[in-house]
Amino acid sequence: MNTIAVIDYGMGNLRSVCKALEHVAPRARVMLTSDSDALVRADRVVFPGQGAIGGCIAELDRLSLRAAILQVMDTKPFLGICLGLQALFDRSEEGGGTDGLGVLPGRVSLFPREQMREPGDNRALKVPHMGWNQVCQVAAHPLWRGIAQGARFYFVHSYYAEAANRGQVMAVTEYGIRFTSAAGRENIFAVQFHPEKSQQAGLRLLENFVSWDGSA
Amino acid sequence: MGLSKRIIPCLDVDNGRVVKGVRFVDIRDAGDPVEIARRYDEQGADEITFLDITASSDNRQTMVHVVEAMAEQVFIPLTVGGGIRQVEDVRRMLVAGADKVAINTAAVANPQLVQEASGHFGSQCIVVAIDAKQVTDGKAQRWEVFTHGGRRATGIDAVAWALKMTEYGAGEILLTSMDRDGTRDGFDLALVRAVCDAVSIPVIASGGVGNLDHLADGVLLGHADAVLAASIFHFGEYTVGDAKRRMAERGIEVRL
């Protein structure tokens with residue numbers, strides 16, 4: 001049986017992620033867990049997240065999950081969502097500077113609100129970046145299967161990621177500036193938006209993940 | 001191309017049932033909030049808002065079940081408001097499956113609640129709901145914050161309050177004009193614009209929508225990031241799709 005572990009570190013709306021996975025994979029076993037062994041035993045792993053990155057990394061360490069997460073990222077299909085994308089990079093400037101897991105080279109910064117303008121207007125853009133924005137796929141990937149180029153997904157975040165390695169950028173999105181809205185390598189794929197809240201396009205991405213063998 | 005403006009249908013829920021009458025042509029149970037939310041989702045709603053108007057706290061648990069059921073079937077963002085008094089209430093709704101929680105009266109009574117809740121759960125899930133009424137104050141146009149469903153004046157200036165709540169960690173403002181609510185005369189655009197231009201976070205305009213152009217006006221003239229409406233959608237007069245097409249015709253970027 002296909003077992004999908006959703007990493008539970010006490011932050012964010014995890015129920016929605018589980019329910020969306022159960023919806024697209026009714027025969028899979030979706031398991032919300034903070035147990036290292038369960039992560040290592042699962043067939044695939046989802047790393048969701050919301051809130052502050054400092055709290056996220058601290059909780060992962062408090063629950064001794066870091067080693068297991070790094071281990072499963074070597075082999076299993078792995079999907080990071082929102083903070084689960086940002087935490088993969090080297091460093092975030094959130095909270096005065098926080099080290100990420102360093103799985104992907106790159107950094108996470110606060111949207112420079114004063115330099116971002118409404119199209120055709122001089123008003124500064126709002127932060128958080130909240131709502132439905134277009135995701136421009138810049139690399140072919142099994143997880144984009146059946147999803148239109150430029151499809152809209154639901155975002156809510158104040159910090160944005162910039163992957164340092166161009167080959168690891170899977171999608172970009174424009175909000176005042178252009179940022180990395182999906183990144184990955186080999187068996188790792190991570191998105192800034194919330195597929196579990198992005199209606200048909202989001203459910204399709206999750207469905208693609210559930211049947212993905214982890215090769216790009 | 002970029003971020004689209006959002007259209008948010010709002011449902012008043014009393015003890016687990018939608019009130020104020022929602023009438024779709026072919027819906028089985030017009031009182032079931034999840035079924036109605038599903039219909040709006042099919043029409044292309046960008047988010048759904050449930051306002052719990054249940055008076056007794058015994059029945060609040062019912063709202064938790066409604067939110068749980070919604071999370072199993074509708075995969076767009078859900079905001080829940082009404083009766084949120086403490087951090088524990090916020091946690092309960094988030095765990096049940098809400099994406100955002102709206103705080104209104106309790107934020108005025110205890111502004112630290114907003115600070116605490118956004119500190120715990122992140123700004124992205126804390127919406128501060130503001131009910132505002134225009135007050136006569138010499139020549140200057142000014143709006144005052146009201147609480148308890150618009151019954152109690154607070155003496156607080158609505159724009160200053162929106163700024164303070166932003167500082168306290170709110171991720172979004174849900175702004176309702178008490179003067180316009182239920183009138184179908186359109187948003188109080190001066191109020192919407194005053195708040196939208198003052199704060200750095202997204203603002204949802206609410207109160208007074210009677211036709212589709214009112215929604216577009218909220219964005220184009222009021223500078224709203226999102227527009228909320230109830231009755232124009234509930235009675236089957238317009239679908240969310242109609243609203244989006246009208247907004248697109250007026251040059252607004254929407255998710256079609």
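The values are calculated or read from the model by the stated rules, or taken from the named source; none is laboratory data. This structure is a prediction, so every number in the text was calculated from the model and none was measured. Because the Cβ atoms are built from the backbone with ideal geometry, glycine has one as well, and the counts that use them run over all protein chains shown.
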Mind listing whichever residues of the stretch B:229-256 are of a type in the set (A, V, I, L, M) and not in a loop (DSSP other than H, G, I, E, B)? B:Ala229, B:Ile232, B:Val240, B:Ala243, B:Met247, B:Ala248
Tell me the residue from A:Ala183, A:Ala171, A:Ala216 that is more than 11 Å from chain B (Cβ to nearest Cβ), buried (at least 22 other Cβ atoms within 10 Å of the Cβ) and in contact (Cβ under 8 Å) with a residue 60 or more places away in the chain, please. A:Ala183
Are there any strands (runs of 3 or more DSSP E) wholly within the stretch B:128-180 with 2 or more residues that are closer than 23 Å to B:Val209 by Cβ and at pLDDT 95 or above, and if so which? B:140-147, B:172-177
Among the residues of the stretch B:40-59, write down those that are within 14 Å of chain A (Cβ to nearest Cβ) and assigned to a helix (DSSP H, G or I). B:Tyr40, B:Asp41, B:Glu42, B:Gln43
Find the residue count for the stretch A:85-107, including only residues that are in a helix (DSSP H, G or I) and crowded, with 24+ Cβ neighbours inside 10 Å. 2
Suppose the filter is surrounded by fewer than 23 Cβ atoms within 10 Å (Cβ to Cβ) and closer than 26 Å to B:Gly149 by Cα; does B:Ile232 pass it? yes
Does B:Leu212 fit the bill of being under 19 Å from the mean Cα position of the chain (by Cα) and either farther than 19 Å from B:Asp181 by Cα or within 14 Å of chain A (Cβ to nearest Cβ) (or both)? no
Test: residue in the stretch A:200-207 that is surrounded by fewer than 21 Cβ atoms within 10 Å (Cβ to Cβ), away from chain B (no Cβ under 12 Å), more than 24 Å from A:Gly97 (Cβ to Cβ) and of a type in the set (Lys, Arg): no
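Identify, please: which residue in the stretch A:40-61 is at pLDDT 95 or above and aliphatic (A, V, I, L, M) and is, among those, nearest to A:Thr3 (Cα to Cα)?
Per the criteria, the residue is A:Ala42.
Yes or no, residue by residue, for (1) at the interface with chain B (Cβ under 10 Å from one of its Cβ atoms); (2) within 25 Å of B:Ala170 (Cβ to Cβ); (3) over 17 Å from the mean Cα position of the chain (by Cα):
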{"position": "A:Asn133", "(1), (2), (3)": "yes, yes, no"}
{"position": "A:Arg145", "(1), (2), (3)": "no, no, yes"}
{"position": "A:Gln149", "(1), (2), (3)": "no, no, yes"}
{"position": "A:Phe153", "(1), (2), (3)": "yes, yes, no"}
{"position": "A:Val156", "(1), (2), (3)": "yes, yes, no"}
{"position": "A:Tyr160", "(1), (2), (3)": "no, yes, no"}
{"position": "A:Ala164", "(1), (2), (3)": "no, no, no"}
{"position": "A:Tyr175", "(1), (2), (3)": "yes, yes, yes"}
{"position": "A:Ala190", "(1), (2), (3)": "no, no, no"}
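Can you tell me how many residues in the stretch A:39-58 are assigned to a loop (DSSP other than H, G, I, E, B) and either closer than 20 Å to A:Ala20 by Cβ or touching a Lys or Arg at 6+ places or on another chain (Cβ under 7 Å) (or both)?
6
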In the stretch B:84-115, anything over 12 Å from B:Phe50 (Cα atoms), in contact with a strand residue (DSSP E or B) (Cβ under 6 Å, 6 or more places away or on another chain) and small (Gly, Ala, Ser) is listed as B:Ala107
Which of the residues belonging to the stretch B:126-154 are surrounded by fewer than 18 Cβ atoms within 10 Å (Cβ to Cβ) and either hydrophobic (A, V, I, L, M, F, W, C) or touching a Leu at 6+ places or on another chain (Cβ under 6 Å) (or both)? B:Val135, B:Ala140, B:Ala153
Read through the list (1) of a type outside the set (A, V, I, L, M, F, W, C); (2) within 14 Å of another protein chain (Cβ to nearest Cβ); (3) part of a helix (DSSP H, G or I); (4) within 30 Å of A:Val135 (Cα to Cα), then give the number of the only condition that B:Thr79 fails. (3)
Can you name every residue in the stretch A:161-195 that is within 24 Å of A:Leu21 (Cα to Cα) and either at pLDDT below 95 or assigned to a loop (DSSP other than H, G, I, E, B) (or both)? A:Glu186, A:Asn187, A:Gln192, A:Phe193, A:His194
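When you look at A:Val127, is it of a type outside the set (S, T, N, Q), more than 14 Å from chain B (Cβ to nearest Cβ) and out of contact with any Gly (no Cβ under 6 Å at 6 or more places or on another chain), yes or no?
No: the conditions fail for A:Val127.
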Determine which single condition A:Ser64 fails, assuming it passes every other condition in (1) touching a Lys or Arg at 6+ places or on another chain (Cβ under 7 Å); (2) among the hydroxyl-bearing types (Ser, Thr, Tyr); (3) away from chain B (no Cβ under 14 Å). (1)
Look at the stretch A:15-38 and say how many of its residues are in a helix (DSSP H, G or I) and closer than 30 Å to B:Ile126 by Cβ. 10
Those residues that are assigned to a helix (DSSP H, G or I), within 14 Å of another protein chain (Cβ to nearest Cβ) and either at pLDDT 95 or above or surrounded by fewer than 23 Cβ atoms within 10 Å (Cβ to Cβ) (or both), I need them from the stretch B:88-114; list them, please. B:Arg91, B:Arg92, B:Val95, B:Ala96
Complete set of residues in the stretch B:122-140 that are over 30 Å from B:Arg91 (Cα atoms) and of a type in the set (A, V, I, L, M): B:Val135, B:Ala140
Just to be sure, is A:Leu14 surrounded by 21 or more Cβ atoms within 10 Å (Cβ to Cβ) and touching a residue at least 60 places away in the same chain (Cβ under 8 Å)? no
Looking at (1) over 30 Å from B:Val74 (Cβ atoms); (2) within 14 Å of chain B (Cβ to nearest Cβ); (3) touching a residue at least 60 places away in the same chain (Cβ under 8 Å), which one does A:Gln86 not meet, given that it meets all the others? (1)
Restricting to the stretch B:163-209, name every residue that is of a type in the set (Gly, Ala, Ser), within 15 Å of the chain's Cα centre (by Cα) and within 11 Å of another protein chain (Cβ to nearest Cβ). B:Ala170, B:Gly171
